[in-house]
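*Asks:* My questions all concern the structure below.
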Amino acid sequence: MRDPRYDILFEPMQIGPVTAKNRFYQVPHCNGGGYRDPSAAAAMRGIKSQGGWGVVFTEQCEMHHTSEITPFIELRLWEDKDIPQLRKMSEKMKEYGALAGIQLAYSGINGPNLYTKEVPLAVSAMPIRTFTNDPVQARALDKSDIRDLRRWFVNAAKRSKAAGFDLICLYGAHGFGIFQHFLSRATNQRSDEYGGSLENRARFVNEVITEIKEAVGDTMGITLRVSLDETIGDLGFSNAEVRDFIEMNRDLPDLWDLAQGTWEDCSGPSRFKEEAAQEQLVRGIHELTDKPIVGVGRFTSPDVMAKMIRSGTLDFIGCARPSIADPFLPKKIEEGRIEDIRECIGCNICITGDMTMSISRCTQNPTFMEEWRKGWHPEQMNAKGASENVLIVGSGPAGLEAARALSERGYEVALAEASTVLGGRVTRERQLPGLSAWGRVVDYREYQISQKPNVETYFDSELDAGSILEFGFENVCIATGAQWRRDGVSRQHVVPMPLDAKMPLYTPDDIMGGTKPAGKVVIYDDDHYYMGGVLAELLVQEGCDVTIVTPSAYLSDWTVNTLEQHAIHKKLAGLGVEIILNHGVAEIAQDHVKANCVYTDTIRNYACEAVVMVASKHENNGVYLDLKSREDEWADAGIKSVKLIGDANAPGPIAWATYAGHRYARELDGDDIGDALPFRREITELARD
Ligand code: ADP
Ligand code: SF4
């Protein structure tokens, strides 16, 4: 049962008029579903309640139509019509005893209002600040606008109460909420009683919290989320000012929710941020207030969590990503099942769902956002079907997740791996600079299957179609992965590019396998995710003189979606890597590459001794195709099904592979659904007129 060292995490604590049953606090986090997928989002929050969280919050909820952040999809509470979908969510949150919280956001300078076409209102008149530099400016709120805005907050608070919530979080962190815009001199350049001194800049938040407390404070706890340091230079709301602000307003909210700086800081990936990275910024704040504090830091270790509470640094352990990777984290600590915790790897794939306005995935938890759409539960698999056994070929993230999940269903599983280790690409990639935490994808699954009597693992077992037919398993799952291409085919080149064979050429697989270039190296990155940048870092460490050439306008450009593009560019520039943007590689010659400008096609030559080709990948689907060509032998061999999954089917990020493995395990022996959609979907109700 529970280790007494963690008892402190299970002590109840009051937040204003309500009491949280323990210290596990799921801070607001996006999910890419929002108002478009309300039932999917509600079910996801409900699972956290079941997993033992004491507090569960929504993501940011746009509280008035004059401030919205289209194209990003969050929640909306613009009118009474929005209440039912939010009530559905609060009911799910409360089902197992969590307090239900709603985060109210007025985006001000961050809301371009592309959908409502309203003129944005901000603390000071300025251009809108988003990820996309929209050509829109905000008008400064005048006194009557401020009165309106205060009323809108009170109205939203009343609607939140009607929707069944226990807690309201006023969003003033990450540069995204109007409260921070008032507090920070960077966004507040007013000369009236709302600008200038800290006391003046704090006037608005004081007024709003007082008025909301009058309206709903008898039954609802009011929390304020601010960043511990705006991290935008001298004008920003610094950690010292945050401390002054809290000391001056020590009892203002019922709880202080302390985020880090920008969203990129607060949700820093493991490549750039350790667990509990904000500890220095938050330490000592407790003494400035009589109210409880929640803080975040990608906490996955119960020892670190208990230390945070015992040392008086925090009262609540705030988690977004750790609660996504393992919604049952509190339950597992409570039941003494620490080794069963599925630790977040800090890859930020979950955030890409929001950034791409799709629906989120999680590398570690493939059931995330599929709780309602597919009825997937993170801790419970469906019952076993008619067949008995499965041969899985390949133990990368796809094969490992399939093995783990199938064993939960009760199948006899044989996992054949050509090499001497489990984990496929993850085992190689975890050795790369900054990616060691990604190894948790393997560690979690390796431990889980080691506990299962119905999984046998076979190493040094490179299978071919012939041996698979001889074994005669009922079901065969081919998860043989992919290999980086050598011929440059990706987006710029759709057929192999001109290459002089005398130029030494390396793929990421070569380098991860220990064959590395030396001297002056050009990395050609037409992949655009992390690999090109990570290899640049590695090769600098190994003493190479590195130039990275990419056709994109940004280095590692897809990492904008994982909030790390800025950090990657900064790091590589700091390491002295020459970064050539907007250039492809037209040709690789004997001793140089010919880089072409993507706009003018002007050629620039870069002399080098080796080239690293980060292009696309070839699927390792040979075994599958051989088996398919011998389909008439399957019945005699006892084979009922053969399926290709993961990178061997179509290469993608690791999250795509764990999802494919999980899906295979869920759907084995399932009913044939024909042409039907394989998930539930919500569509807007049509207006009558
Ligand atoms: P995914 O991301 O789809 O899980 P990976 O490339 O990470 O794919 O993993 C594929 C794994 O399959 C590797 O560990 C590789 O050694 C193994 N593998 C590839 N071909 C065979 C084969 N014919 N027999 C057994 N294992 C194989
Ligand atoms: Fe953690 Fe990655 Fe899952 Fe996000 S997607 S919760 S960062 S493991």
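The values are calculated or read from the model by the stated rules, or taken from the named source; none is laboratory data. None of the values given here were measured: they were computed from a predicted structure. Here the Cβ positions follow ideal geometry from the backbone for every residue, glycine too, while neighbour counts run over all protein chains shown. To get the accessible areas, we keep the full protein, side chains included, count just its heavy atoms, and leave off ligands, DNA and RNA. Shrake-Rupley method; radii C 1.70, N 1.55, O 1.52, S 1.80 Å.
*Asks:* Net charge near Glu74, counting Lys/Arg +1 and Asp/Glu -1 over other residues with Cβ under 15 Å of its Cβ?
*Replies:* Computed value for this residue: -2.
*Asks:* Taking a 29 Å limit on the Cα-Cα distance, which of the listed pairs Lys94/Lys213; Lys452/Lys628; Lys520/Lys617 fall beyond it?
*Replies:* Lys452/Lys628
*Asks:* Rounded to the nearest whole Å², what accessible area per residue is found for region 4-355 with the 1.4 Å probe?
*Replies:* That works out to 32 Å² per residue.
*Asks:* How much length would be gained if the chain were fully extended between His65 and Glu214, taking 0.36 nm per residue of separation minus their Cα-Cα distance, in nm to one decimal?
*Replies:* Here the segment from His65 to Glu214 would lengthen by 51.3 nm.
*Asks:* What is region 486-616 by shape, rounded, prolate or oblate, if you read a ≥ b ≥ c off the alpha carbon gyration tensor as root eigenvalues and call it rounded for a/c under 1.5, prolate for a/b larger than b/c, and oblate otherwise?
*Replies:* Note, shape of region 486-616 comes out rounded.
*Asks:* Using a 1.4 Å probe, how large is the accessible area of His493, given in Å² and rounded to the nearest 10?
*Replies:* 30 Å²
*Asks:* Could you please put Lys640, Lys594 in sequence from largest to smallest accessible area, using a 1.4 Å probe? Walk me through the intermediate numbers first.
*Replies:* On the way: Lys640 135, Lys594 55 Å².
Greatest to least solvent exposure: Lys640, Lys594.
*Asks:* Sort out for me the Cα centre separation of region 1-70 from region 320-391, rounded to whole Å.
*Replies:* Between the Cα centres of region 1-70 and region 320-391 lies a distance of 16 Å.
*Asks:* For Glu207 and Met1, what is the calculated FRET efficiency with R₀ set at 45 Å and r taken between the beta-carbons, to the nearest 0.05?
*Replies:* After rounding, the FRET efficiency stands at 0.40.
*Asks:* How large is ³J(HN,Hα), in whole Hz, for each residue of region 439-451 in order, when computed from phi with the Karplus curve 6.51 cos²θ - 1.76 cosθ + 1.60 and θ = phi - 60°, using x for Gly and Pro?
*Replies:* x, 4, 4, 7, 4, 4, 6, 4, 5, 4, 6, 5, 8
*Asks:* What is the set of long-range amide H partners of Ser387 at a cut-off below 5 Å, with H atoms built 1.01 Å from backbone N?
*Replies:* none
*Asks:* For region 528-569, what does the alpha-carbon gyration tensor say about shape, rounded, prolate or oblate, given a ≥ b ≥ c as the root eigenvalues, a/c under 1.5 as rounded, and a/b over b/c as prolate? Intermediate values should be presented prior to the final figure.
*Replies:* Values: a/c = 2.63, a/b = 1.71, b/c = 1.54.
Prolate is the answer for region 528-569, as a/c is 1.5 or above and a/b outweighs b/c.
*Asks:* Separate question: Under a Cβ-only charge scheme (Lys and Arg +1, Asp and Glu -1), can you give me the dipole magnitude of region 368-449 about the Cα centre, in debye to the nearest 20?
*Replies:* On the way: 10 positive and 11 negative charges, 42 e Å.
Using Cβ point charges on Lys, Arg, Asp and Glu, region 368-449 gives about 200 debye.
*Asks:* Taking the 0 to 90 degree range and rounding to the nearest ten, how far is the long axis of helix 565-574 tilted relative to the main principal axis of the chain, both from C-alpha atoms?
*Replies:* Approximately 70 degrees, to the nearest ten.
*Asks:* Roughly how many Å² of Leu99 are accessible to a 1.4 Å probe, to the nearest 10?
*Replies:* In the full protein context, Leu99 sits at about 20 Å².
*Asks:* Report, to the nearest whole %, how much of the accessible area of region 478-533 belongs to carbon and sulfur atoms, 1.4 Å probe, protein only.
*Replies:* 53 percent
*Asks:* In nm, what is the difference between 0.36 nm times the number of residues separating Asp689 and His377 and their Cα-Cα distance?
*Replies:* 108.4 nm
*Asks:* Computed FRET efficiency, Cβ-Cβ of Asp464 and Ile603, R0 35 Å: what is it to the nearest 0.05?
*Replies:* 0.15
*Asks:* Suppose accessible area is computed on protein heavy atoms with a 1.4 Å probe; arrange Thr130, Thr559 from highest to lowest.
*Replies:* Thr130, Thr559
*Asks:* Once you order the gyration tensor axes a ≥ b ≥ c over the Cα atoms, which shape class does region 222-347 get: rounded for a/c under 1.5, otherwise prolate or oblate by comparing a/b with b/c? Working shown, then result.
*Replies:* Numbers: a/c = 2.38, a/b = 1.48, b/c = 1.60.
Oblate is the answer for region 222-347, as a/c is 1.5 or above yet b/c matches or exceeds a/b.
*Asks:* Using helices alone, I'd like the mean residue ellipticity at 222 nm for the chain: each DSSP H run of four-plus residues gives -39500 (n - 2.57), total over residue count, nearest 500.
*Replies:* -8000 deg cm²/dmol
*Asks:* Then there's this: For Tyr530, Tyr35, give me the order by solvent-accessible area with a 1.4 Å probe, most accessible first, ignoring ligands, DNA and RNA.
*Replies:* Final ranking, largest accessible area leading: Tyr35, Tyr530.
*Asks:* Under the rule of at least 5 residues apart or a separate chain, name every residue whose amide H is placed under 5 Å from the amide H of Ile128.
*Replies:* HN-HN under 5 Å from Ile128: Val136, Gln137, Ala138.
*Asks:* Working from Cα positions, state the angle (0 to 90°, nearest 10) between the long axis of helix 143-162 and the longest principal axis of the chain.
*Replies:* 70 degrees
*Asks:* Taking amide H atoms as placed 1.01 Å from N in the peptide plane, list the residues 5 or more away in sequence, or in a different chain, whose amide H sits under 5 Å from that of Lys643.
*Replies:* Result for Lys643 returns Val476, Cys477, Ile478.
*Asks:* Another question, if that's okay. What is the angle, in °, between the Cα long axis of helix 83-94 and the longest principal axis of the Cα atoms in the chain? Nearest 10 is fine, range 0 to 90.
*Replies:* 70 degrees
*Asks:* Could you pull the accessible area for Leu235 with a 1.4 Å probe, rounded to 10 Å²?
*Replies:* 90 Å²
*Asks:* Kindly state, to the nearest 0.05, the FRET efficiency for Phe131 paired with Lys158, given R0 = 35 Å and r defined as their beta-carbon distance.
*Replies:* The calculated FRET efficiency here is 0.60.
*Asks:* For every other residue with a beta carbon closer than 12 angstrom to the beta carbon of Phe272, add +1 if it is Lys or Arg and -1 if Asp or Glu, then tell me the sum. If you can, show how the numbers build up before the last one.
*Replies:* Working: positive: Arg271, Lys273, Arg298, Lys570, Lys571; negative: Glu264, Asp265, Glu274, Glu537, Glu564.
Here the charged neighbours net out to 0.
*Asks:* Quote to one decimal, in nm, the extra length available between Ser191 and Glu633 on full extension: 0.36 nm per residue of separation minus the C-alpha distance between them.
*Replies:* 150.8 nm
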